[in-house]
Each structure stands twice: as structure tokens, then as C-alpha cells.
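See structure below.
Every number in this text was worked out from the coordinates using simple rules, so none of it is lab data. In this text, all values refer to a predicted model and were calculated from it rather than measured experimentally. All Cβ positions, glycine included, derive from the backbone under ideal geometry; neighbour counts span all protein chains shown.
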Amino acid sequence: MTDLSAAHDDAVTDRHRLAGSAYSSDRALAARQSLYQWQTPRYDLPGIVAEKLSGVRGRVVDVGCGNGKFIERLRQDRPDLALLGLDIAPGILAGVPGQVAVADTTRLPLATANVDAVLALHMLYHVPDIPQALREMSRVLTHDGLVIASTNSDHDKAELDDLWQRAAGDVLGTERGPARISLSARFSLEKAPAFLGKEFSRVETIELPGTITVRDPEPVIAHMASYQAWADQHDVPFDATIERARALLGDHVARKGTFAINCKSGILICRR
């Protein structure tokens, strides 16, 4: 789904929803992250980020750090770096190692030209004013600093979108139900270079396509159920649709042996 309606925009960026429900803990985020263990090829995203930071010395800030998967890896691989994790959701910061703070990406509590790299990994689509967030990242960067962003393609996990619409259609008694909400649509892999190009003269995109193949429906259902915070945005009974998707997926796996999901995400390396 790529319809950027006002209701979609508000739901994806609403701070109360994000901090109080969607990311009040890392449970939903962890469910989405865990699905990738069945992806081929397997991408070591924290490792890729660490490699891209190989020439960086000094201070690295992870804005929208979530449950700290990237900070945890950098603390292991790059103990020389001064790391800071920022997020608007206090609850999700509880398990993040090291120095963390609650902060808004559009008003970073950091001095100008004081950071050597900024990470914005799968989070900019949650920011109400993306251009302002990017201006803030540019402001706090040193002259030769870099920003590493990541997001999903508009075409990521189309099979899950189809499964949701089939399940929702069955619940509503129609051929196909309404599309499920897309978190990354506002700052997708296709849209990101235009946003980033207004603030940074060099933007390199690294595409990460793959296929998730499961023999058990439950990791897929857990991923779909992790959107519970946006249940009111789906125009269909959420729990009933999840249960119908479980039945449809169980039948598919019983007949075919596996269920495949085509994925496409990417990392963007930005310099002035």
C-alpha cells in the first residue's frame, strides 16, 4: 500500500501511538525483525553498517534506535566509538546498552557539527517532518560526517499484503478487503533519494533483495500481528483478520510445503 492519505500519515507519525503503543516495548519490533532469519540471502545489517562506519572516528548517534540492535553490534565491533541512542519511546530504550536519551529527531539535543555519523535506520517514515529531521542531522554532523539511513521498498513483502487482503475479504464477506497499513510508504526506498538529495550531495543506495521462505505459519502471523498498534487503521476487525490469515496460510503450507515472501529493503549512505 502506498496511499499517503492524511489518516495514514497521521497514524504512522503520531507520537502518542508510537511511544505509548507501537514501541512501548520491543515486542512488536522484535517480531518484525525475527522474520528475517528465514531470508535468503541473509544480510547482516548491523555488520554492513559497522563496515560503512570503518572510516569514522569519534561520535555516532543512532536516532530512532529502537531496541538497540545496531548499537549493540557497534559496541562489540567498534568499542572506540562514542555511541548515543535516541528514541521518542522511553519503553523501548529500557534494554539498549550504553548512553540513551528520549529525543525528537526534528529537534536533536546536540550541538552543531558535533557528530561524526548519524544512523537513521528504518525510522524516518515515522517522522512527521522528514525534511526537518534531515536538516537536523546535517546540522549536527561534522563537515566530513555521514548519515546512514535504511528503509523498505514500495514492493517489499507484497505477498503479505495479498494475504491480508484475502483474509480481510473473507472476514468482510467480499472478494478482497482493504489494504493493510504500510509503515515505510512515506519514506520508501524509491522515495528516499529525493528526500536525502535535498540535504546531501552524495547519496549511495545499496539494495538488499531477498526471499523469506517459511514452513511454519507462525513467524509470518507474528509479523502481521505486530501491527496491532494500527488496528484501527485497517477498516476491518484486526484480530479476526489475523486468525483468518493464519488459517489461509496454514492451508497454503499444508498444500505447498512452504510460503515465500519477496523482500526488498536498502541502505542509503549520505555525504555532503
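Of note:
- Each DSSP beta bridge with both residues in the chain is either parallel or antiparallel, and the antiparallel ones are about 55%.
- Debye intensity ratio I(q)/I(0), log10, the chain, q values 0.08, 0.10, 0.15 Å⁻¹ (C-alpha model): -0.33, -0.51, -1.13
- For segment 109-123, 3J(HN,Hα) per residue [Karplus equation, 6.51 cos²θ - 1.76 cosθ + 1.60, θ = phi - 60°, Hz, x = Gly/Pro]: x, 9, 6, 5, 6, 10, 10, 8, 7, 10, 9, 9, 9, 6, 9
- Over all Cα atoms in segment 113-231, the spread is summed up by Rg and Dmax: 17.9, 58 Å.
- The Cβ shell under 11 Å around Asp144 holds other residues with a net charge of +2, Lys and Arg each +1, Asp and Glu each -1.
- Dipole of the chain [Lys/Arg +1, Asp/Glu -1 at C-beta], most positive-end residue of Ile92, Ala240, His252: Ile92
- Proxy reagent accessibility, fewest Cβ within 10 Å first, across Cys270, Cys263: Cys263, Cys270
- Counting neighbouring Cβ atoms within 10 Å and putting the fewest first, the residues Phe259, Phe187, Phe195 line up as Phe195, Phe259, Phe187.
- Taken over segment 1-121, the alpha-carbon convex hull comes to 136 cubic angstrom per residue.
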